Amino acid sequence: MSVRDDCPGNAVNRPADDTRGRLYARVDLWPVCGSLAVLDEAFNAEWMAMSGAAPSTPSRSVVLVGLMGAGKSNIGRRLANRLHLPFVDADSEIEAAAGTTIEEIFERHGEAYFRDGERRVIARLLDGPVHVLATGGGAFMDAQTRARIRQRGISVWLRADIELLLARVARRDNRPLLKDGDRRAILTELIEKRHPIYAEADIIVDSIDGPPELTLSRVISELQRFRANEPPIVPDASTSRAAE
Ligand code: S3P
């Protein structure tokens, strides 16, 4: 029997003449079960979006980090839409700045050159207006970039398991790091190397194999929770004196 079957108020146990529909599950499941069934979570995400219950706009950029195939661009675009912020894809910005593709940068100049450009482009973006930023999988591995993100943004690690990553990266074949060799072996090695560093992110959300709205709703609620726990911004002395 799953946790869900035990829950009073779930679809299985709900009386047939209950007219309150699935909102009933929303109200009763949380305190009683302490664990949300995916269906109810999807309903709640849908409900939030439909009811216009918009999450408040953050004052720092939201920076998505994680491995190739974790869903950073997909979730990032949706998140930006929900937060009413511009969406920026760091890889596209690097390509625009270099006037060529990432594939070509790697081929012609090598990875170190790409990482250099990546660091500079991300620093420039973070110095700009607040936005949602999807970074390339290696960006957060750079200590300077990490420090900058910590200073200027809120980082969100979209964590995904190897099977999900493999399924997702199969859709594109222009990722230089996955060109030569067995993708499973490469990704497994990257997981070992990078996951401990991604774990330094402010927020960790599992990217799930299902409707992106589900992962999105988890990101939004974790963001709200994180921001609620942030210390209030204290104006510096010069600003407060000027206001007097
Ligand atoms: C890389 C990930 C890619 C891209 C480049 C290097 C990496 O971005 O930046 O190919 O080191 O993991 P995505 O994570 O968006 O695929």
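Summary of values
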| item | result |
| --- | --- |
| Whole-Hz ³J(HN,Hα) from phi, Karplus 6.51 cos²θ - 1.76 cosθ + 1.60, for the range 96-111, glycine and proline x | 5, 5, 8, x, 7, 8, 4, 3, 5, 4, 4, 5, 7, 10, x, 5 |
| From phi via Karplus (6.51, -1.76, 1.60), per-residue ³J(HN,Hα) for the range 149-154 in Hz, x at Gly/Pro | 5, 4, 6, 10, x, 10 |
| Rg to Rh quotient for the range 118-244, alpha carbon positions, Kirkwood Rh | 1.05 |
| Whole-angstrom gap from the range 65-135 to the range 145-198, using each part's C-alpha centre | 14 Å |
| Length released on extending from ASP173 to LYS193, taking residue separation times 0.36 nm less the Cα-Cα span | 5.0 nm |
| Amide H contacts of ASP206 (H built 1.01 Å from N, under 5 Å, at least 5 apart or other chain) | ARG159 |
| Surface/4 of the Cα convex hull for the range 82-173, nm² | 6.9 nm² |
| Formal net charge of residues neighbouring GLY99 (Cβ-Cβ distance under 13 Å; K, R +1; D, E -1) | -2 |
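Just so you know, all these numbers are worked out from the coordinates, no wet-lab data involved. Note that the structure is predicted; figures quoted are calculated from it, not measured. Here Cβ is always computed from backbone atoms with ideal geometry, including for glycine, and neighbour counts include all displayed protein chains.
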